[in-house]
Amino acid sequence: MLIQILFRNPLLFFTIAIPLLYSIVLHELAHALCASWFGDHTAKARGRITLNPLKHLDPVGTILLFTFGFGWAKPVPINTANFKPKKIGIICCSLAGVTANFLIAFICYLLVRLVMLYSSSDNSILFNALIVTGDINIILAAFNILPIPPLDGSRILAVLLPKRFQIMLYSIEKFGIVILMALLYFRLLDPLITFIRTKLLMFIIITSKLITDHFISN
């Protein structure tokens with residue numbers, strides 16, 4: 001839990017604070033930009049296409065982020081009826097936030113690789129901050145891709161399902177947070193999140209190694 005880092009290493013905690021805040025800000029900003037790209041300007045009209053964290057942060061989600069290592073910002077308002085084409089727009093917009101977290105994690109681990117190659121210390125504040133920020137963004141990506149309302153993965157699943165199953169999925173969305181919290185409390189999602197996290201981490205580590213090795217060899 002991140003709260004343990006605060007007591008063990010306050011400097012590290014405050015070093016990662018801004019990157020972590022922007023991890024959830026960029027997640028929502030990616031949704032807003034993608035929605036605008038596909039023709040829905042609702043988020044833009046509400047002032048959500050901005051890097052100003054005050055426009056995005058949710059108090060509870062932010063507290064959970066710094067306490068347990070996962071959290072959320074205020075959902076971006078989106079009207080999918082404006083999307084052209086609609087189904088592709090929904091899928092891309094749903095993947096946008098997850099992709100933002102994945103890219104942040106990738107950049108972090110790419111920098112970790114460079115630090116390992118060109119620095120004599122692998123225990124510096126920078127090194128550890130990159131590891132923690134990268135790992136939490138992988139967890140955020142793995143968490144949000146789950147097909148449980150109101151997570152991003154549920155939007156993708158809904159588009160792929162027949163109409164009657166879409167209605168069933170949307171009907172449980174109002175209970176989604178309660179269901180999600182119960183699943184997290186009883187740690188029922190841990191195996192699935194761990195599986196997705198491991199696969200994403202393996203891909204990032206292998207790819208970052210290939211990239212750095214390519215540039216070093218040249």
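The values are calculated or read from the model by the stated rules, or taken from the named source; none is laboratory data. Only a predicted model underlies this, so the values are computations on that prediction, with no experimental measurement involved. Counting neighbours? That spans all protein chains shown, and the Cβs are built from the backbone with ideal geometry, glycine included.
Values for this structure:
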{"item": "Conditions (1) in contact (Cβ under 8 Å) with a residue 40 or more places away in the chain; (2) more than 19 Å from G71 (Cα to Cα); number of the one not met by I167", "result": "(1)"}
{"item": "Any hit, segment 3-14, residues being modelled with pLDDT under 95, of a type in the set (D, E, K, R) and part of a helix (DSSP H, G or I)", "result": "yes"}
{"item": "When residues of segment 3-48 are limited to those that are β-branched (V, I, T) and more than 25 Å from K84 (Cβ to Cβ), the one surrounded by the fewest Cβ atoms within 10 Å (Cβ to Cβ)", "result": "I18"}
{"item": "Any hit, segment 131-148, residues being over 20 Å from V25 (Cα atoms), touching a residue at least 24 places away in the same chain (Cβ under 8 Å) and outside any helix (DSSP H, G or I)", "result": "yes"}
{"item": "Single unsatisfied condition, D40 versus (1) more than 26 Å from N79 (Cβ to Cβ); (2) outside any helix (DSSP H, G or I)", "result": "(1)"}
{"item": "Count - residues of segment 130-152 that are over 30 Å from A35 (Cβ atoms) and crowded, with 23+ Cβ neighbours inside 10 Å", "result": "1"}
{"item": "Positions within segment 183-218 being surrounded by 12 or more Cβ atoms within 10 Å (Cβ to Cβ) and over 17 Å from G69 (Cβ atoms), in sequence order", "result": "K199, F203, I204, I205, T207, S208, K209, I211, T212, D213"}
{"item": "Within segment 44-79, tally of residues that are out of contact with any Gly (no Cβ under 6 Å at 6 or more places or on another chain) and in a loop (DSSP other than H, G, I, E, B)", "result": "17"}
{"item": "Any hit, segment 59-67, residues being touching a residue at least 60 places away in the same chain (Cβ under 8 Å) and not hydrophobic (A, V, I, L, M, F, W, C)", "result": "yes"}
